[in-house]
Amino acid sequence: MEKVFFLGDIYDYQENPDDSKLLSIDKNKRGIKMTIKFSVDSEDHKRSHEALKNFFVRASP
């Protein structure tokens with residue numbers, strides 16, 4: 001599995017057969033286990049983007 005630098009942490013990177021991408025980390029710098037899916041489906045992408053944005057807005061100090 002490849003490793004990539006994302007948002008200040010090193011994540012595991014995986015490409016799936018449906019062309020989606022998966023980033024995961026057991027514990028990021030904030031101590032949170034994260035799994036992020038990047039999809040080629042535009043509706044799935046919109047939902048994922050909104051969820052990620054909401055997470056970081058709520059988690060910001």
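The values are calculated or read from the model by the stated rules, or taken from the named source; none is laboratory data. As the structure is a prediction and not an experimental result, all values here were calculated from the model. Neighbour counts are summed over all protein chains in view; Cβ atoms, including those assigned to glycine, are modelled from backbone coordinates with ideal geometry. Side chains included, ligands, DNA and RNA excluded: accessible areas come from the protein's heavy atoms. Shrake-Rupley method; radii C 1.70, N 1.55, O 1.52, S 1.80 Å.
Results, tabulated for the structure shown:
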read-out	value
Viscosity 1.306 mPa s, 10 °C: Kirkwood-radius Stokes-Einstein D of the chain over Cα pairs, µm²/s	128 µm²/s
For PHE6, residues with placed amide H under 5 Å, excluding near neighbours	TYR11
The chain, accessible surface, carbon-and-sulfur percent (1.4 angstrom probe)	54 percent
Pair ASP18, LYS33: separation of 7 Å Cα→Cβ label points (nm)	2.2 nm
Net +/- balance of residues flanking MET1 in space, Cβ distance below 14 Å, scoring K and R +1, D and E -1	-2
For the range 16-21, Karplus couplings with θ = phi - 60° (6.51, -1.76, 1.60), whole Hz, Gly/Pro x	9, x, 8, 6, 6, 10
Under Karplus coefficients 6.51, -1.76 and 1.60, residue-wise ³J(HN,Hα) of the range 24-41 in Hz, glycine/proline x	8, 8, 6, 7, 7, 5, 9, x, 10, 6, 10, 9, 10, 9, 9, 10, 8, 6
Extension reserve of the HIS49-ASP26 stretch, reckoned as 0.36 nm per residue once the Cα distance is removed	6.2 nm
